[in-house]
1. Tally up the residues in the range 71-88 that are within 30 Å of residue 254 (Cβ to Cβ), in contact (Cβ under 8 Å) with a residue 60 or more places away in the chain and assigned to a loop (DSSP other than H, G, I, E, B), please.
2. Condition test on residue 411, is it at pLDDT below 95 and under 27 Å from residue 213 (Cβ atoms)?
3. Would you check if there is a residue in the range 392-409 being touching a residue at least 24 places away in the same chain (Cβ under 8 Å), in a loop (DSSP other than H, G, I, E, B) and at positive phi?
4. Only one of these conditions is not met by residue 227: (1) in the same structural domain as residue 248 (by TED's automatic domain parsing); (2) buried (at least 17 other Cβ atoms within 10 Å of the Cβ); (3) outside any helix (DSSP H, G or I). Which number is it?
5. Using the structure shown, decide if residue 381 is in contact (Cβ under 8 Å) with a residue 40 or more places away in the chain and not in a helix (DSSP H, G or I).
6. Among the residues of the range 113-131, which ones are more than 22 Å from residue 3 (Cβ to Cβ) and in contact (Cβ under 8 Å) with a residue 12 or more places away in the chain?
7. Mind checking which residues of the range 47-70 are touching a helix residue (DSSP H, G or I) at 6+ places or on another chain (Cβ under 6 Å), assigned to a loop (DSSP other than H, G, I, E, B) and under 18 Å from residue 322 (Cβ atoms)?
8. Out of all the residues in the range 198-218, is one or more surrounded by 14 or more Cβ atoms within 10 Å (Cβ to Cβ) and touching a strand residue (DSSP E or B) at 6+ places or on another chain (Cβ under 7 Å)?
């Protein structure tokens with residue numbers, strides 16, 4: 001099929017290249033000419049494992065091209081909307097930006113075209129767009145579906161190519177129009193109404209966010225009473241009504257805007273329809289308070305933060321990516337700096353810091369340089385690389401206060417009996 005993927009950041013670059021890998025003829029559309037130039041040279045706009053290799057492959061076999069020309073929409077059978085919806089510091093999504101981008105190109109759609117919305121949008125968005133299109137262009141029949149993105153940074157290609165299932169929301173009578181497209185990706189399809197698909201995305205992320213906050217609150221209780229949260233987690237996950245894949249793991253607060261955006265979407269719907277939503281609203285409050293856990297533990301261990309050297313291992317939002325946007329580690333660095341601490345940091349995926357961050361963080365070239373003069377070491381991003389560090393580095397770190405909220409390095413440091421090691425819910 002001829003598919004135009006509109007919006008080429010993380011979501012769109014992965015979707016477009018995976019569709020080309022499957023065998024579709026893909027045009028990637030974005031109005032940022034710098035992004036387009038990079039993609040046409042085989043360079044993705046951000047790091048994702050395997051993406052640069054896949055991009056070079058799809059360019060070489062001629063199944064994909066990238067353009068900033070709106071005419072690409074005229075030639076397609078499917079317009080796939082894949083903008084990563086911008087989120088501000090308060091988790092408010094700029095949905096108006098996504099709508100504006102779509103409205104700028106939909107006039108180019110030909111009769112019998114299909115539109116798939118995968119951008120992160122609130123329930124009601126796709127229906128609103130569908131109705132608006134029908135009023136603007138009554139003589140052209142276009143079919144709309146919502147298939148919420150389910151990609152994870154660091155695992156995006158595998159998740160797209162081998163999904164657990166694909167959620168697709170469309171009108172029952174229009175399902176046949178989208179079957180060929182989605183069956184080319186997977187046979188595990190979950191069909192439902194448009195609003196149900198949008199709501200499913202909100203529900204999944206809100207549920208995951210609630211699990212994280214629940215586990216973190218339990219962890220803080222465990223710290224006070226001498227229980228080990230890792231053992232409690234094992235007890236929870238072996239309960240058949242909960243299960244081993246539950247998001248019940250005490251550690252850092254959730255960040256990045258992904259989960260919080262859907263909490264915000266649901267809260268706005270609650271305001272609109274005058275629904276209290278006590279549980280859903282409380283998740284954000286709990287998470288925001290838990291963001292202070294690491295800083296408070298640093299302060300407790302060191303008797304204050306002024307002029308104390310804090311080593312931060314890991315700066316990116318999560319392992320497997322180089323993005324610093326909405327990273328909890330970066331937020332922590334800013335707060336520690338405000339409190340007077342000196343920040344040293346190392347991340348295997350970060351070679352240079354943006355100008356604003358370089359003013360508050362000294363980026364080091366390796367682990368040893370980062371930790372040798374530190375008063376306290378914070379294990380932040382869970383890079384597997386850190387678990388493979390030399391015994392020389394572990395010896396240095398073990399002589400410091402070590403704050404590892406997720407307990408990620410616990411096994412590595414187990415041999416150091418008198419080590420000052422702290423994790424959420426750790427005994």
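1. At the first step, the residues of the range 71-88 found to be within 30 Å of residue 254 (Cβ to Cβ) are 80-88.
Within this subset, residues satisfying the condition of being in contact (Cβ under 8 Å) with a residue 60 or more places away in the chain are 80-85, 87.
Narrowing the set further to residues that are assigned to a loop (DSSP other than H, G, I, E, B) leaves 82-85.
Residues that pass the stated criteria total 4.
2. Working: at pLDDT below 95: yes; under 27 Å from residue 213 (Cβ atoms): yes.
Against the criterion (at pLDDT below 95 and under 27 Å from residue 213 (Cβ atoms)), residue 411 qualifies.
3. Checked the range 392-409: at least one residue is touching a residue at least 24 places away in the same chain (Cβ under 8 Å), in a loop (DSSP other than H, G, I, E, B) and at positive phi.
4. All conditions are met except number (2).
5. Numbers: in contact (Cβ under 8 Å) with a residue 40 or more places away in the chain: yes; not in a helix (DSSP H, G or I): yes.
Here the answer is yes, as residue 381 does meet what is asked.
6. Of all residues in the range 113-131, those more than 22 Å from residue 3 (Cβ to Cβ) come to 122-124, 127-128, 131.
Once the filter is applied, which keeps residues that are more than 22 Å from residue 3 (Cβ to Cβ) and in contact (Cβ under 8 Å) with a residue 12 or more places away in the chain, the range 113-131 yields 122, 123, 124, 127.
7. Answer for the range 47-70, where residues must be touching a helix residue (DSSP H, G or I) at 6+ places or on another chain (Cβ under 6 Å), assigned to a loop (DSSP other than H, G, I, E, B) and under 18 Å from residue 322 (Cβ atoms): 48, 50.
8. Yes - at least one qualifying residue is present in the range 198-218.
The values are calculated or read from the model by the stated rules, or taken from the named source; none is laboratory data. In this text, all values refer to a predicted model and were calculated from it rather than measured experimentally. In this analysis, Cβ positions are derived from the backbone assuming ideal geometry, glycine residues included, and neighbour counts consider all displayed protein chains.
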